[in-house]
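The values are calculated or read from the model by the stated rules, or taken from the named source; none is laboratory data. Worth saying up front: this structure is predicted, and the values here are computed from it rather than measured. Reconstructed Cβ throughout: ideal geometry from the backbone, glycine too, with neighbour counts over all protein chains shown.
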Amino acid sequence: MLTLGGGEPTLRSDLEEIIALSVGRGFRVRIVTNAVTLDRERAKSLRSSGLKLAQVSIDGAREATHDRVRGKGNWRRMMEGIAALKSARIFTVLSCVLLPEINMEEAPLLLDLARELKVAGVKFARPVKQGQAKLNGLQVKGEYWETFCRILDHAKATRYKRLLMFFDPLAHNLALAERRRTSGIWGLTTDLCQCNNTELIEVNGGTGDVYYCRVRVKLGNIWRDDLSELWHHHPLLTAIRRKTPEGSCQGCGAWNGCRGGCPAVVQGKTGEILLQDEDCSEVQKQPALVAFSTNGHANSRVLVGSEKAREVGRNVRDRLYSITLR
Ligand code: SF4
Ligand code: SF4
């Protein structure tokens, strides 16, 4: 999967060319967009170049909230963009970063909006304090677990039947700790983050610098270094793969997927990478955060049978969604 982000990828006049080239090389391509520049003609042209998936960034379930973050008029233009993506039959998901004091209260209402707009679903993530978020002094400390639970309760109460995704390692624990809340929610995905596999490589298109997901440590440069070599042997990735559970993470049923939380969120807050994630409700019961040692075995890479089956299941589900939600 190749995700083209930004800035804003739709500002590039050669985006279609990039998509066609990538699809020709065997990638499934997705764009992350604010959708504000998209009209029907552009969306159709993106679809013709091979684009099938779009993730639209949204900062609230209400116009006033979204425009408070992105500026007046952005909600209306985003709505037009979403309509254009749908008219071009591009599988569209809303993506919301949960911002304390801004959109956490109304986050569950995004499920109603997804239904109203007839898009494929909603994805939620926690903010990482870097870049603009850091410069603007964005508040990132919040009641995330409680918000996840309210979102789940709303999904149940409203019989929500679209994708509901949490791009957050702590969500691995939802299915264990909140069984009553999670059971029976059809499109629920709580295992998007698989930090032990370190699969998410980010490349800055301008400089060629390579990062691991949202962690701000430069691993190398794509013009100079062998990407495969970096991915297999970079000390940071090796350390992340070899984290061993400490404190409340010891014996936690979610460890294999969660791996002690999100290193990018932790880095944004503390400057450290191999430290427990303070947003976890179990970690909050400890007197202090504990650092991970990295002498464990890397438990990643080779897919075991159950994971393969799960992957096949996911692909089938994605296809069904793309057919049924048009
Ligand atoms: S206790 Fe550790 S492994 Fe378990 S959910 Fe919390 S951060 Fe993740
Ligand atoms: S760094 Fe790991 S846990 Fe954090 S968002 Fe990326 S994959 Fe998920």
**Message:** I need the full set of residues from the range 100-131 which are touching a strand residue (DSSP E or B) at 6+ places or on another chain (Cβ under 9 Å) and in a helix (DSSP H, G or I), in order please.
**Reply:** LEU110, LEU111, LEU113, ALA114, LEU117, GLY131
**Asked** Somewhere in the range 271-282, is a residue touching a residue at least 40 places away in the same chain (Cβ under 8 Å) and out of contact with any helix residue (DSSP H, G or I) (no Cβ under 8 Å at 6 or more places or on another chain)?
**Response** no
**Prompt:** Looking at LEU236, is it part of a helix (DSSP H, G or I), crowded, with 17+ Cβ neighbours inside 10 Å and away from ligand 1 (no atom under 16 Å from the Cβ)?
**Reply:** yes
**Message:** Which numbered condition in (1) within 23 Å of ILE31 (Cα to Cα); (2) not in a strand (DSSP E or B) is the only one that LEU230 fails?
**Reply:** (1)
**Message:** Checking the conditions here, which among LEU46, LEU113, LEU109 is more than 19 Å from ILE31 (Cα to Cα), in contact with a helix residue (DSSP H, G or I) (Cβ under 8 Å, 6 or more places away or on another chain) and modelled with pLDDT of 95 or more?
**Reply:** LEU109
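Here's the yes/no breakdown for (1) surrounded by fewer than 19 Cβ atoms within 10 Å (Cβ to Cβ); (2) among the charged types (D, E, K, R); (3) over 16 Å from TRP186 (Cα atoms):
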position: SER95; (1), (2), (3): no, no, yes
position: GLU101; (1), (2), (3): yes, yes, yes
position: ASP112; (1), (2), (3): yes, yes, no
position: ARG115; (1), (2), (3): yes, yes, no
position: GLY121; (1), (2), (3): no, no, no
position: VAL128; (1), (2), (3): no, no, yes
position: GLU146; (1), (2), (3): yes, yes, yes
position: ARG150; (1), (2), (3): yes, yes, yes
position: ALA155; (1), (2), (3): no, no, no
**Every pair of residues 6+ apart whose Cβ atoms lie under 6 Å, when the first sits in the range 154-171 and is part of a strand (DSSP E or B) while the second is among the polar types (S, T, N, Q)** = MET165/THR189; PHE166/THR190
**Message:** Quick check on this structure: which one of ALA35, ALA61 is part of a loop (DSSP other than H, G, I, E, B), closer than 21 Å to ARG126 by Cβ and of a type in the set (A, V, I, L, M)?
**Reply:** ALA61
